[in-house]
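What follows is a single structure, written as structure tokens, with notes after it.
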Amino acid sequence: MKTSLLSVIIIFMMLPSTGVTEIMAKPVENETEEQHNWVEYSIHYKTVEAGSHEYTYWKNFIERTSTCHISHRLKSVVYYCDVHDHTDSKIYLEETIHSNEHG
Ligand SMILES: [Zn+2]
Ligand SMILES: [Zn+2]
């Protein structure tokens, strides 16, 4: 469970941030003959580091450079299908958090 969630997060990290919500929007319904009955089973929140970037700001008339750390707040939802007795999990990007306030 832990390793599979980690691999999902790693896959998630490699995706371009713009496409993530579309791709992960909903569990994919399978062919008509084998309809799933996905029900939300459990929800977990997790914050992962997503790198850093530099920004400049002015203080005491001097231009300074500082580093801002970005993290993503992820929502991990486990779905359970009682038709086939199996589970699926999806990761949603809830929020992108910048450690520093800057314009
Ligand atoms: Zn199913
Ligand atoms: Zn920032």
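Read the figures in this text as sums done on the coordinates, not as results from a lab. Small disclaimer: the values here were computed from a predicted structure and weren't measured. Don't worry about glycine lacking a Cβ; one is built from the backbone with ideal geometry, like all the others, and counts go over all protein chains shown.
Taking only segment 76-97 into account, find how many residues are within 16 Å of residue 43 (Cα to Cα) and within 16 Å of ligand 1 (Cβ to nearest atom).
Final tally of qualifying residues: 9.
Filtering segment 56-75 down to residues that are farther than 21 Å from residue 94 by Cβ and in contact with a Ser or Thr (Cβ under 6 Å, 6 or more places away or on another chain), which residue is nearest to ligand 1 (Cβ to nearest atom)?
67
Against the definition (away from ligand 2 (no atom under 13 Å from the Cβ) and part of a loop (DSSP other than H, G, I, E, B)), how does residue 83 come out, yes or no?
So residue 83 fits the description; yes.
Could you grab the pairs with beta carbons closer than 9 Å, sequence gap of 6+ or different chains, first residue in segment 40-57 and among the charged types (D, E, K, R), second one not in a strand (DSSP E or B)?
As it stands, the answer is 46/5; 46/9, since those pairs meet every condition given.
Give segment 58-80 a look and list any residue that's assigned to a strand (DSSP E or B) and either under 12 Å from the mean Cα position of the chain (by Cα) or at positive phi (or both), or say none.
Passing the criteria: 71, 72, 73, 74, 75, 76, 77.
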